[in-house]
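The structure appears below as structure tokens.
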């Protein structure tokens with residue numbers, strides 16, 4: 001091979017290596033940016049979960065209060081015609097609790 005052909009081969013190899021290096025640097029920069037965004041989203045998710053906890057507790061209290069009110073209304077309907085009319089009007093029913101699961105053999 002002549003000198004110019006060897007130079008072209010070396011230049012091609014150098015350009016290929018430089019291109020590969022550029023691609024790797026580009027991928028690393030994208031990965032670092034995505035990692036930062038993921039960390040920020042994880043923090044945001046943790047904050048949202050912390051904010052949601054009191055709301056869940058409040059919803060549980062409201063639900064138990066409404067259940068108690070409905071139970072009292074059902075009990076009162078046995079002796080009071082106005083309560084019985086409300087139960088009939090709003091179709092309030094007592095749901096039996098779900099049966100306990102049977103133990104596995």
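The values are calculated or read from the model by the stated rules, or taken from the named source; none is laboratory data. Remember, predicted model here, so these are calculated numbers, not experimental data. Glycine also receives a Cβ, built like all others from the backbone with ideal geometry; neighbour counts cover every protein chain displayed.
Only one residue in 79, 53 is outside any helix (DSSP H, G or I) and at pLDDT 90 or above, so which one is that?
79 is the lone residue from the list that is outside any helix (DSSP H, G or I) and at pLDDT 90 or above.
With respect to residue 8, is the statement that it is in a helix (DSSP H, G or I) and at pLDDT 95 or above true?
no
Within segment 63-82, count every residue that is out of contact with any helix residue (DSSP H, G or I) (no Cβ under 6 Å at 6 or more places or on another chain) and surrounded by 10 or more Cβ atoms within 10 Å (Cβ to Cβ).
Of the residues in segment 63-82, 13 are out of contact with any helix residue (DSSP H, G or I) (no Cβ under 6 Å at 6 or more places or on another chain) and surrounded by 10 or more Cβ atoms within 10 Å (Cβ to Cβ).
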